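Only one structure is covered here, and it is reproduced in the block below.
Please treat every number below as a calculation from the coordinates, not as lab data. Predicted model, so just to flag it, every value in this text is computed and none were measured. Here the Cβ positions follow ideal geometry from the backbone for every residue, glycine too, while neighbour counts run over all protein chains shown.
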Ligand SMILES: C[S@@+](CC[C@H](N)C(=O)[O-])C[C@H]1O[C@@H](n2cnc3c(N)ncnc32)[C@H](O)[C@@H]1O
């Protein structure tokens with residue numbers, strides 16, 4: 001498969017099915033006491049917990065890119081357990097609808113929103129991120145778009161369901177050999193303009209190391225069987241991430257898109273194809 005086809009096609013049907021099963025099981029395990037302790041201990045100290053990859057720089061960049069106001073509604077595409085949505089609401093007072101395919105993630109997200117007393121403003125639904133509720137002001141997808149079919153086209157279709165200019169903030173893992181130029185070509189080819197594009201692989205690798213060392217340390221405390229399985233899953237994921245990044249086969253990107261031609265101002269400055 002060519003490098004272009006890899007991300008144009010996105011995850012194939014079997015990978016999507018395995019990813020769904022993996023997330024549903026891992027959220028069930030992480031909802032236990034060991035999992036909660038892990039998510040709290042492994043997170044970037046300045047960022048919400050989420051599935052564990054969102055960093056303080058992601059959250060800062062998200063707020064700067066979308067500039068949500070209290071009357072705005074953002075859609076969180078692949079919201080996981082909802083921690084990022086709750087944190088963004090607390091920071092900006094905007095409303096958020098979080099959607100995720102994993103019922104266990106949505107159950108935990110609703111529990112967390114109730115515990116935080118924000119369930120009136122931060123709602124969660126089981127849904128496919130490629131078909132979000134329409135009419136939101138803008139959207140964001142943190143490390144979730146790579147699990148859908150044809151991510152760039154899914155992103156364009158999501159943008160069309162939002163208020164103009166259909167702005168979406170994204171963090172995404174992509175094959176290393178796709179490179180910046182390949183990613184720009186795919187996004188523009190789907191009818192979107194890039195307002196910003198940053199390679200944040202180094203930041204992601206640091207967060208992955210933090211997750212792995214936290215899981216290893218917690219294993220030494222001999223947790224329950226379910227806790228051990230949860231930590232082993234984390235270790236397996238982080239070992240794969242370390243290997244793939246070390247061999248240049250995986251990169252993490254952070255970018256913001258709008259619909260091409262949706263803005264009355266000229267196209268944003270090219271973000272570079274080097
Ligand atoms: C790596 S996790 C990131 C979760 C969250 N955004 C965060 O940063 O903590 C990827 C999430 O995408 C969700 N997901 C994968 N495919 C999806 C789809 N087609 N529709 C909705 N959610 C999906 C998974 O269930 C999982 O919660």
Test set (1) within 18 Å of residue 172 (Cα to Cα); (2) part of a helix (DSSP H, G or I) - residue 25 fails condition number: (1)
Of all residues in segment 95-120 being surrounded by fewer than 23 Cβ atoms within 10 Å (Cβ to Cβ) and within 16 Å of residue 69 (Cα to Cα), the one that is farthest from the ligand (Cβ to nearest atom): 95
All positions within segment 173-204 that are free of Cβ contacts under 8 Å to residues at least 40 places away in the same chain and either under 15 Å from residue 153 (Cα atoms) or buried (at least 19 other Cβ atoms within 10 Å of the Cβ) (or both): 189, 190
Selection from segment 132-175 of residues that are in a helix (DSSP H, G or I) and under 18 Å from the mean Cα position of the chain (by Cα): 145, 146, 147, 151, 152, 153, 154, 155, 156, 157, 158, 159
Filter result (surrounded by fewer than 24 Cβ atoms within 10 Å (Cβ to Cβ), touching a residue at least 40 places away in the same chain (Cβ under 8 Å) and more than 6 Å from the ligand (Cβ to nearest atom)) within segment 128-144: 132, 133, 135, 136, 137
Those residues of segment 66-81 which are over 11 Å from the mean Cα position of the chain (by Cα), within 16 Å of the ligand (Cβ to nearest atom) and either in a loop (DSSP other than H, G, I, E, B) or free of Cβ contacts under 8 Å to residues at least 24 places away in the same chain (or both), in sequence order: 81
Scope segment 163-185; condition over 13 Å from residue 256 (Cα atoms) and within 16 Å of the ligand (Cβ to nearest atom); matching residues: 173, 174
